[in-house]
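Q: Could you have a look at this structure, given as structure tokens, before my questions?
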Protein chains: 2
Amino acid sequence: MTRFSFSINATDGKARRGSISMQRGEIRTPAFMPVGTAATVKAMKPESVRATGADIILGNTYHLMLRPGAERMAKLGGLHSFMNWDRPILTDSGGYQVMSLSELRKLTESGVEFRSHIDGSKHMLTPERSMEIQRLLGSDIVMAFDECPRADQPRDEIAESMELSMRWAKRSRVEFDRGGEHAESAALFGIQQGALIEDLRKVSADKLIDIGFDGYAVGGLAVGEGQEAMFATLDFAPDQLPQDKPRYLMGVGKPDDLVGAVERGIDMFDCVLPTRSGRNGQAFTWSGPLNLRNARHAEDTGPLDERCSCPTCASYSRAYLHHLQKSGEILGAMLVTEHNLSFYQQLMQAMRDAIGAGQFTQFASDFRRDYLKADT
Amino acid sequence: MTRFSFSINATDGKARRGSISMQRGEIRTPAFMPVGTAATVKAMKPESVRATGADIILGNTYHLMLRPGAERMAKLGGLHSFMNWDRPILTDSGGYQVMSLSELRKLTESGVEFRSHIDGSKHMLTPERSMEIQRLLGSDIVMAFDECPRADQPRDEIAESMELSMRWAKRSRVEFDRGGEHAESAALFGIQQGALIEDLRKVSADKLIDIGFDGYAVGGLAVGEGQEAMFATLDFAPDQLPQDKPRYLMGVGKPDDLVGAVERGIDMFDCVLPTRSGRNGQAFTWSGPLNLRNARHAEDTGPLDERCSCPTCASYSRAYLHHLQKSGEILGAMLVTEHNLSFYQQLMQAMRDAIGAGQFTQFASDFRRDYLKADT
């Protein structure tokens, strides 16, 4: 059985349509991965996540190592059976969240020492420990351990951080390959750094290619630089990575971010936006985002989106969803999250179809015309 | 088509098994009605509520009149389509919750003036307004408007309150019957009061019977008097009500309360316990309640209940449910609520089966032996 293979079956400009084959299932690309932070895609049952069209979800190493703990998870049979999701799971390395969420961090060549944001307990993450945790979780796509600097730091700090991440990428590769059975069934992705700087991105890409990975992530974007700067970087960064491997833009993004990134050659995405927004009453539609708390929805018997095929749009009015949000009801979070994840998957499917039909430019133009309307 | 009919198809001691036929569907009795306070059974999709075996749910007049409002609900097509539940809905009268939740109440012969606990706005509930609201909601089983006194008040206050409720019951009947189409499709239940006092309960029952209702509720219990006093009252109160009409014990209760009340001739129940407990991590099982926050569940790969047929027990371990509770995840509320509602419906089905087999005494004895164990 194939451990990992990626094939591109259509291209349109820089946009690519393809498929990743793994033992736990196929991943159609361009792919959007819902985020299952703490072993649950928030407010969703796993069968409902699958029904939206998701082929793969993401789990967070940082959260899971703290609770329930990696060794405990292994003892319980791994993340898949724990959360009742039998398809592929990509896990991040913990590097990003340890810097954004934990307390009292100490960064050295070896790794990062930190205290848990939950109970203050002391932990250490290194490339080796990150690989071990992701192996204990039973991850299908393992991410190399890296450091993600702020994009607005001086060039020399960006360069220094990137070089450290590349040394950690090498250590991640070595440790992953020592993983026995797990290494024979899982894949390892490297992460390009270098912030917004083209030549640093190129150095990073070349070092990663030299090490060799199953796929390559564009890291260090969507950290506050804005869509224009992100797109400017995506105008060159994906081209520096291998054509025949999947390219994953981490932590992105808004629907219009996804369209612009696919246009620039990205194959995979993850983001908390559809789930987090769903809990806050923000719904995504083909006509743009809308806030269900707005009083104008109180007597609107129409669905969230006339074009949407999700269970929420089939059975519930905007008026009802408005009522649930105003009342702080859990069902409101459930129904809008389900819609948002469905909408994201419908958007990915529409992009895959447009690439296959050789009409991606037209699709992207039509999408932006409808989605970026001012009055939503 | 039948507006409302009740038939008893088996009895065992005082326990009765039967069926209520209404236009929106059949209600198997003894029946447990999940509570859908604010137009949602909290943390559950309506199709999942139905899948637990629920034939009917309860809606709260007090909550719905304040948000989204009765007139708005009528404009939107009524409660059933609003919340996507097409089977029977029983609505309470608002009388109980206006006394327990609202602020600045003023009780007169006419009704109750109060301020909303949501926004402080002033409202008036009378028997006539309660009937109108329940009609605007599109209720299938309408409850007469009553006052529910504390059970520990002096006899003369209990008597006075009961007499007021009986005058309101008459006014409820008159107003309900003026409801045109709604009166031709819905049913009206009266509510017996009189706290724990047998002769007052008898006076109340006789006055209700004189007015005439489709069913009769035993009100004023489960307000803090304890199970022993409640059962002592249920030893006589149901017998004072008509044999050939359904008897509904409002706001009850724990699983062992249900068994003891069915044993004493009760046909219908509602309670927030399975849903509220589900959100707090308390699960009901055939071996008694258990608290999922307890650390002893952290590595338990078994289901909540080996005998349970619900989706939660089919796919998730106690260890996972413990993790979700500790992490404050919405999915924890969803899965435990679904289990609890399923458990309640399995209990009702088991009671209906036992009555049909003429083995209710044995069933109740076996149930209590397993459920009331000390070490759960």
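Any read-out appearing in this document is the output of simple, stated calculations on the displayed coordinates, not a laboratory observation. Please read all numbers here as calculations on a predicted model, not as lab measurements. Note: ideal-geometry Cβ built from the backbone for every residue, glycine included; neighbour counts use all protein chains shown.
Q: Give the distance, in whole Å, between the Cα centre of segment B:213-230 and the Cα centre of segment B:49-81.
A: With segment B:213-230 and segment B:49-81 each reduced to a Cα centre, they are spaced 24 Å.
Q: Taking the Cα centre of each part, how many Å lie between segment B:1-30 and segment A:16-47?
A: Each part reduced to its Cα centre gives a spacing of 47 Å.
Q: Under 5 Å between amide hydrogens, which residues at least 5 positions from A:Lys42 or on another chain qualify, with H placed 1.01 Å from N in the peptide plane?
A: A:Thr37
Q: When you look at the Cβ of every residue in B:323-333, what mean number of other chain Cβ atoms sits within 10 Å?
A: Average per residue, whole number: 6.
Q: Here is a further query. Let me check against my output: what whole-number percent is the relative contact order of chain A, with C-alpha pairs under 8 Å and at least 6 apart?
A: 17
Q: With the dipole of chain A worked out from charges on the C-beta (+1 for Lys and Arg, -1 for Asp and Glu) around the Cα centre, which of A:Trp85, A:Thr29, A:Pro242 lies farthest toward the positive end?
A: A:Trp85
Q: Kindly give Rg over Rh for chain A, based on alpha-carbon atoms, with the Kirkwood expression for the hydrodynamic radius.
A: Looking at chain A, the ratio lands at 0.96.
Q: Please find the FRET efficiency linking B:Ser309 to B:Glu103, where r is the Cβ-Cβ separation and R0 is fixed at 45 Å, and quote it to the nearest 0.05.
A: Efficiency, from the Cβ-Cβ distance: 0.55.
Q: Sort B:Met124, B:Met65 so the one with the fewest other Cβ atoms within 10 Å of its own Cβ comes first.
A: In increasing order of surrounding Cβ atoms, one gets B:Met124, B:Met65.
Q: A further question follows. Considering chain B as a Gaussian network with a 10 Å cut-off on Cα pairs, which listed residue, B:Arg150, B:Arg17, B:Arg171, attains the greatest mean-square fluctuation?
A: Per the Cα network of chain B with a 10 Å cutoff, B:Arg150 tops the list.
Q: Right, here's the next one. Quick one: order A:Ile118, A:Ile191 by neighbouring beta-carbon count within 10 Å, fewest to most.
A: A:Ile118, A:Ile191
Q: Specify the residue with the greatest mean-square fluctuation among B:Leu341, B:Leu90, B:Leu324, computed from a Gaussian network of chain B linking alpha-carbon atoms under 10 Å apart.
A: For chain B, modelled as a Gaussian network with Cα springs under 10 Å, the answer is B:Leu324.
Q: With the Cα gyration tensor of segment B:226-285 in hand, give its eigenvalues times 5 under a square root as the equivalent ellipsoid semi-axes, listed largest first in whole angstrom.
A: Ellipsoid half-lengths, sorted descending, are 24, 12, 8 Å.
Q: About the Cα centre of segment B:4-270, what is the dipole size in debye to 20, counting +1 per Lys and Arg Cβ and -1 per Asp and Glu Cβ, all else neutral?
A: 760
Q: Taking the Cα centre as origin and putting +1 on Lys and Arg beta-carbons and -1 on Asp and Glu beta-carbons, what dipole magnitude results for the protein assembly as shown, to the nearest 20 debye?
A: With only Lys, Arg, Asp and Glu charged at Cβ, the dipole is about 40 debye.
Q: While we're looking at this one, here's another question. Pick from B:Asp119, B:Asp305, B:Asp199: which is most flexible by mean-square fluctuation in a GNM of chain B where alpha carbon atoms under 10 Å apart are linked?
A: Among B:Asp119, B:Asp305, B:Asp199, the largest GNM mean-square fluctuation belongs to B:Asp119.
Q: Sequence gap at least 6, Cα distance under 8 Å: using those rules, report the relative contact order of segment B:278-364 to the nearest whole percent.
A: Worked out over segment B:278-364, it gives 31 percent.
Q: Right, another one. Tell me, which cysteines of chain B are without a disulfide-compatible partner by the Cβ under 4.7 Å rule?
A: B:Cys148, B:Cys271, B:Cys310
Q: I need to check one value: relative contact order of segment B:41-112, counting alpha carbon pairs closer than 8 Å and at least 6 residues apart, in percent.
A: 36
Q: Another question about this same structure. Tally Lys and Arg at +1 and Asp and Glu at -1 over the other residues with C-beta under 12 Å from the C-beta of B:Arg105: what net charge comes out?
A: That works out to 0.
Q: Still on this structure: Can you check what the net charge comes to around A:Ile355, using other residues whose Cβ is under 15 Å from the Cβ of A:Ile355 (Lys, Arg +1; Asp, Glu -1)?
A: Within the 15 Å Cβ shell, the charges total +2.
Q: Tell me the net charge near B:Glu157. Cut-off is 14 Å between Cβ atoms, B:Glu157 excluded, with +1 for each Lys or Arg and -1 for each Asp or Glu.
A: After counting each charged neighbour, the total is -3.
Q: I need A:Lys45, B:Lys202, A:Lys326 ordered by Cβ neighbour count within 10 Å, fewest first.
A: Neighbour counts put them in this order, fewest first: B:Lys202, A:Lys326, A:Lys45.
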